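This report refers to the structure that appears directly beneath it.
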Amino acid sequence: MRATGILAVSGKFYRRLLKAYPHSHRLRFSDEMSQVFREVSKAIYEKDGLSGLMGLWLHTLADLLKTAFEERVKGITNMSKVKFILLGAWALMLAGITMIVAFSVDGLFQSTLGVTPYYETFLGILWAAVPLLFGTGLFALRSKYEESLGNLGKLSLLSGGVIAALSFIGVLATAFVRGESIAWYFFIFGILSMSIALMLFGMDAMRKKVFPRWDTLPFILGGLVPLVMIADSLFNSASQNSDIFDILLPVALMGLSIGLILVGILLKSNDMFAKTT
């Protein structure tokens, strides 16, 4: 296929993807966005060829998914960027509180009241709420610090938010259809993925000096659950009867819960997280 044909197909596909944005946004910006994309695509293709064009598409898809999601949220709730960040801050705090409540319910009420349908329903709702809230917080972090972050930080937060949505759907579906144990695997998968995303964001934030203080907090928090997974793998290879996972995972999740509350508070506080000049 000639260069003109490749660029034409690329431009048409990009214009179709713009349908992810709300109708009002497309009316205002679609023509301008399409023109800019065509010009940038042509310049990159002439300089770096097909590999350069593919690199542009990777960056464009990541940015389009994030901005389209934000615009859809704004369209539904008439929400500004500042309000969305504030919502994300509260979501992170609620994610931490919800995990603490879920552990309390699981540890206290099950031993006294036993497992009942009401107990399973309530616990299923709590576990499903955590990835939804956590993921919203990750999107808010990306929205607030995207201009200061590198590609690693932005892509990790975007990926973590998308996986959070999948985890939420999986937990919600399997908790009531196929049983709590399968829902638990969906929950752990989501928490692990979001923790890794938070850790990678923390690495980029430290490297870019995004925060004026407490810049190691996201990295430390994000490393708790992956560290438990690694420790469990190492101990299981040495001893088949190791209970290290059952012992350390609740501790790691409780630490993550408290940490999410702190990150939410810091994200909510514009003065504390404002970059120093």
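See the values below:
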{"item": "Filter result (loosely packed, with under 11 Cβ neighbours inside 10 Å and outside any helix (DSSP H, G or I)) within region 1-49", "result": "Met1, Arg2"}
{"item": "Any hit, region 66-74, residues being within 30 Å of Gly137 (Cβ to Cβ), modelled with pLDDT of 85 or more, in contact with a His (Cβ under 9 Å, 6 or more places away or on another chain) and surrounded by 15 or more Cβ atoms within 10 Å (Cβ to Cβ)", "result": "no"}
{"item": "Hits in region 244-277 - residues which are exposed (fewer than 14 other Cβ atoms within 10 Å of the Cβ) and modelled with pLDDT under 65", "result": "Asn270, Asp271, Met272, Ala274, Lys275, Thr276, Thr277"}
{"item": "Residue under evaluation Thr136, criteria (1) more than 9 Å from the chain's Cα centre (by Cα); (2) farther than 15 Å from Leu200 by Cβ, criterion not met", "result": "(1)"}
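The values are calculated or read from the model by the stated rules, or taken from the named source; none is laboratory data. Given the structure is predicted, the values throughout are model-derived calculations rather than measurements. Reconstructed Cβ throughout: ideal geometry from the backbone, glycine too, with neighbour counts over all protein chains shown.
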